[in-house]
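Enquirer: Here it is, the structure, as structure tokens.
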Amino acid sequence: MTSEKVMLTLAVVLIGGCAPRQAPIAEPLVAPYDGPRVWAVAPLNNESGSLEADGVALADHLARQLETTDRISVMPVSRTLAAMDALRMSHLASPQDATRLLATLNADALLVGTVTDYDPYDPPKLGMALRLFTQRRLDEYADPELDIRHLTRAATDGGTNPKPRPRMTLGSNVSAVFNGASPQVREALKRYAVRRGANDWPDPQGTLERAVTPAPDEHWRRYLLSIDLFSEFVSYAMAKRLLGAEARRLTPPPPTP
């Protein structure tokens with residue numbers, strides 16, 4: 001082998017050995033439906049014992065994650081809050097409340113839930129329990145530009161409020177607690193952070209100092225330093241679990257032999 005070939009072989013080996021391994025990318029969210037659906041997300045009830053848990057902010061995180069699917073359109077949480085105000089609901093206290101709200105919004109499904117565990121400090125901890133209320137539509141899908149002003153007038157001027165649909169059903173439910181100290185949670189967080197991008201370090205609250213910016217392969221640790229970023233990750237994981245549960249619920253049972 002000539003000296004030129006030796007040098008070329010060494011160069012190939014060195015380049016191949018130094019190439020970074022591609023980390024697994026977090027899976028995109030997939031809706032198990034055969035057509036479009038319109039969902040609404042209600043603010044989460046806080047049963048964590050912490051006064052810092054913000055059910056509206058967590059509902060926003062869930063809505064943004066679910067909106068990334070190709071067959072689910074999500075109403076803004078502000079629209080859900082306006083409908084609750086029209087119905088004089090400060091929170092959802094029962095399945096009947098969820099049924100009334102879903103009928104008022106005229107959506108295909110309403111996601112409700114509770115915050116079961118909440119600790120915003122490193123390592124953060126966040127637990128959620130989610131339940132989906134669905135209805136089989138007898139008409140066209142809900143208009144995403146639903147006029148809440150009309151709903152408000154109907155609730156206050158003696159008009160007729162929308163009635164619950166007759167085919168209301170309970171959808172899937174999931175629950176989990178994500179502890180930032182858990183090795184399994186950290187591995188899932190790394191995969192999610194890679195999907196977000198090495199240079200995509202949102203800090204909406206402006207709480208993280210540039211001096212603590214980690215190296216590119218450690219940027220996922222920022223999600224442990226900001227409860228808002230950690231909530232984003234947990235909302236993705238919970239949305240993925242919920243859609244997986246929906247896929248199992250809608251899968252017909254195997255034929256009886």
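Enquirer: Being over 12 Å from Ala237 (Cβ atoms), of a type in the set (A, V, I, L, M) and part of a helix (DSSP H, G or I) is the filter; apply it to segment 180-198 and report the residue that is modelled with the lowest pLDDT.
Expert: The extreme case among them is Val194.
Enquirer: Working carefully through the options Ala31, Ala26, find the one that is under 17 Å from the mean Cα position of the chain (by Cα), within 15 Å of Leu111 (Cβ to Cβ), modelled with pLDDT under 95 and outside any strand (DSSP E or B).
Expert: Numbers: Ala26 fails: within 15 Å of Leu111 (Cβ to Cβ).
Answer to the check: Ala31.
Enquirer: Yes or no: segment 43-64 includes at least one residue that is modelled with pLDDT under 90 and either within 23 Å of Val174 (Cβ to Cβ) or part of a strand (DSSP E or B) (or both).
Expert: As a first pass, look at segment 43-64 and keep what is modelled with pLDDT under 90: none.
No, segment 43-64 contains no residue that is modelled with pLDDT under 90 and either within 23 Å of Val174 (Cβ to Cβ) or part of a strand (DSSP E or B) (or both).
Enquirer: For segment 115-129, which positions are within 20 Å of Arg241 (Cα to Cα) and touching a Lys or Arg at 6+ places or on another chain (Cβ under 9 Å)?
Expert: Asp117, Tyr118, listed by residue number.
Enquirer: Do we find that Ala109 is touching a Phe, Trp or Tyr at 6+ places or on another chain (Cβ under 6 Å) and either among the small types (Gly, Ala, Ser) or surrounded by fewer than 22 Cβ atoms within 10 Å (Cβ to Cβ) (or both) in this structure?
Expert: Details: touching a Phe, Trp or Tyr at 6+ places or on another chain (Cβ under 6 Å): yes; either among the small types (Gly, Ala, Ser) or surrounded by fewer than 22 Cβ atoms within 10 Å (Cβ to Cβ) (or both): yes.
Here the answer is yes, as Ala109 does meet what is asked.
Enquirer: Right, next: Which residue out of Ala93, Ala98, Ala82, Ala103 is at pLDDT 95 or above and among the small types (Gly, Ala, Ser)? If you could, list the steps in order and put the result at the bottom.
Expert: On the way: Ala93 fails: at pLDDT 95 or above; Ala98 fails: at pLDDT 95 or above; Ala103 fails: at pLDDT 95 or above.
After ruling out the rest, the residue left standing is Ala82.
Enquirer: Here are Ala215, Ala239: which of them is at pLDDT below 95 and out of contact with any strand residue (DSSP E or B) (no Cβ under 8 Å at 6 or more places or on another chain)?
Expert: On the way: Ala239 fails: at pLDDT below 95.
None of the other options fit; the residue is Ala215.
Enquirer: Would you please list the contacts, defined by Cβ atoms under 9 Å and residues six or more apart or on different chains, that run from a residue in segment 232-248 that is surrounded by 21 or more Cβ atoms within 10 Å (Cβ to Cβ) and in a helix (DSSP H, G or I) to a residue that is modelled with pLDDT of 95 or more and of a type in the set (D, E, K, R)?
Expert: Pairs that qualify, where the first residue is surrounded by 21 or more Cβ atoms within 10 Å (Cβ to Cβ) and in a helix (DSSP H, G or I) and the partner is modelled with pLDDT of 95 or more and of a type in the set (D, E, K, R), are Glu232/Arg64; Ser235/Asp60; Ser235/Arg64.
Enquirer: Report, by residue number, each residue of segment 155-179 that is at pLDDT 80 or above and touching an Asp or Glu at 6+ places or on another chain (Cβ under 9 Å).
Expert: Within segment 155-179, the subset at pLDDT 80 or above is 170-179.
If the condition is that a residue be at pLDDT 80 or above and touching an Asp or Glu at 6+ places or on another chain (Cβ under 9 Å), then Gly171, Ser172, Val177, Phe178, Asn179 are the ones that fit.
Enquirer: When the residues of segment 94-106 are narrowed to those that are out of contact with any Pro (no Cβ under 7 Å at 6 or more places or on another chain) and surrounded by fewer than 20 Cβ atoms within 10 Å (Cβ to Cβ), which ends up farthest from Gly49 (Cα to Cα)? Before you say what the answer is, go through the steps one by one.
Expert: Restricting attention to segment 94-106, the residues satisfying the condition of being out of contact with any Pro (no Cβ under 7 Å at 6 or more places or on another chain) are 94-98, 101-102, 105.
Now restrict to residues that are surrounded by fewer than 20 Cβ atoms within 10 Å (Cβ to Cβ): 94-97.
Numbers: Ser94: 20, Pro95: 22, Gln96: 25, Asp97: 23 Å.
Per the stated criteria, the residue is Gln96.
Enquirer: Name the single residue, out of those in segment 65-93 being part of a helix (DSSP H, G or I) and free of Cβ contacts under 8 Å to residues at least 40 places away in the same chain, that is surrounded by the fewest Cβ atoms within 10 Å (Cβ to Cβ). Don't jump to the end; show me each part of the working.
Expert: Here is the first cut: in segment 65-93, the ones part of a helix (DSSP H, G or I) are 65-66, 77-86.
Narrowing the set further to residues that are free of Cβ contacts under 8 Å to residues at least 40 places away in the same chain leaves 77-78, 81.
Values: Val77: 22, Ser78: 12, Leu81: 16.
Ranking the candidates gives Ser78 first.
The values are calculated or read from the model by the stated rules, or taken from the named source; none is laboratory data. Quick caveat, the model's predicted, so the values are computed rather than measured. All Cβ positions, even for glycine, are placed from backbone atoms using ideal geometry, and neighbour counts span all protein chains on display.
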